[in-house]
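Novice: Supplied in structure tokens, the structure appears directly below.
Every read-out reported here was derived from the displayed coordinates using simple, explicitly stated rules and does not represent laboratory data. Only a predicted model underlies this, so the values are computations on that prediction, with no experimental measurement involved. For neighbour counting, all protein chains shown are included, and Cβ atoms are generated from backbone atoms with ideal geometry for every residue, glycine included.
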Amino acid sequence: MPIIAPSLLSADFLNLQHDCDMLNKSDADWFHLDVMDGRFVPNISFGPMLVEFFRKSTKKTCDVHLMIEEPGNFAEAFQKAGADYLSVHIEACPHLHRNIQQIKSLGMKAGVAINPHTPVEQLKDILADIDLVCMMSVNPGFGGQKFIPYTIEKIKILRRMIDEQSLPVLIEVDGGVTLENAASIIAAGADVLVAGNTVFKSNDPVATIKQLKNIV
Ligand code: DX5
Ligand code: ZN
């Protein structure tokens, strides 16, 4: 069964307590928290302060996806805020190995996020040091975009790379995941499905989460 990680970016920010309660009662496994700085991506979302509120509102895993430049400056702040997983973008990190070591030394699980155009082969040497790859299936910055089809091929390549080295790295797919394409994403080798609009724009988010969880 896939790990389901609803993206709170699509939640109702004037009723966050309601949406957190809904997720807590649902089959959702993780809270996916999207942090944007208006520089690495053309949008601004929220920072450590809100992550701390989410942390207090759930016992579920807080999976923080940093879409920011120089993430090393904020790793400690997100650890203090209660992040369990902290992912940084390979495209934002000229010293990726150092960023990963920093995240792990702070006691968090380390993830690397990768944009749709970046070859997954660039992850080869870092795979043994990380817990998760966040494979972007849209260009990061906004919820509600359309899944880029060639991502499926990239998930398959990444799955092979991870399995060849028998590594425990999770593949998370982020962007445009729907009830229609989830089965093919899982078949390609994904372990974690992020879903924003599919969950929060649904008439019955709890039922939609259950459907995603039981898709195969
Ligand atoms: C995009 C974010 C995603 C996004 C997913 O930059 O990283 O997590 O919120 O939302 P949907 O599922 O609506 O594409
Ligand atoms: Zn994300």
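Novice: For 179, 127, which order do you get if you count the other beta carbons within 10 Å of each Cβ and list the fewest first?
Specialist: Working: 179 13, 127 17.
Neighbour counts put them in this order, fewest first: 179, 127.
Novice: Could you pull out every one of the lysines with an alpha carbon less than 19 Å from that of residue 154, ignoring same-chain neighbours closer than 8 positions?
Specialist: Residue 154 reaches 124, 146.
Novice: Still on this structure, please answer the following. Sort all Cα-Cα distances of the chain into consecutive 5 angstrom bins from zero, then give the percent of pairs in each bin up to the one containing the longest distance.
Specialist: Spelled out per bin, shortest first, that is 1, 7, 17, 21, 22, 17, 10, 4, 0, 0.
Novice: Here's something else I'd like to know. Neighbour counts of other C-beta atoms within 10 Å: give me 33, 86 arranged from fewest to most.
Specialist: 33, 86
Novice: Going down the list 109/156; 25/213; 109/201; 60/109; 156/213, which pairs span over 18 Å between their C-alpha atoms?
Specialist: Values: 109/156 23 Å; 25/213 14 Å; 109/201 30 Å; 60/109 14 Å; 156/213 20 Å.
From 109/156; 25/213; 109/201; 60/109; 156/213, over 18 Å: 109/156; 109/201; 156/213.
Novice: Would you work out which of 105, 54, 72 lies farthest towards the positive end of the dipole of the chain, given +1 charges on the beta-carbon of Lys and Arg and -1 on that of Asp and Glu, about the Cα centre?
Specialist: Result: 54.
Novice: Suppose every K and R has +1 on its Cβ and every D and E has -1 on its Cβ; what is the size of the dipole of the chain about the Cα centre, in Debye to the nearest 20?
Specialist: 220 debye
Novice: Another question about this same structure. On a full-extension model of 0.36 nm per residue, what is the gain between residue 160 and residue 129, subtracting their alpha-carbon distance, rounded to one decimal in nm?
Specialist: Stretched out fully, the residue 160 to residue 129 stretch lengthens by 9.5 nm.
Novice: With runs of 4+ DSSP H residues as the only contributors, calculate the mean residue ellipticity of the chain at 222 nm using -39,500 (n - 2.57) per run, divided by the residue total and rounded to the nearest 500.
Specialist: -9000 deg cm²/dmol
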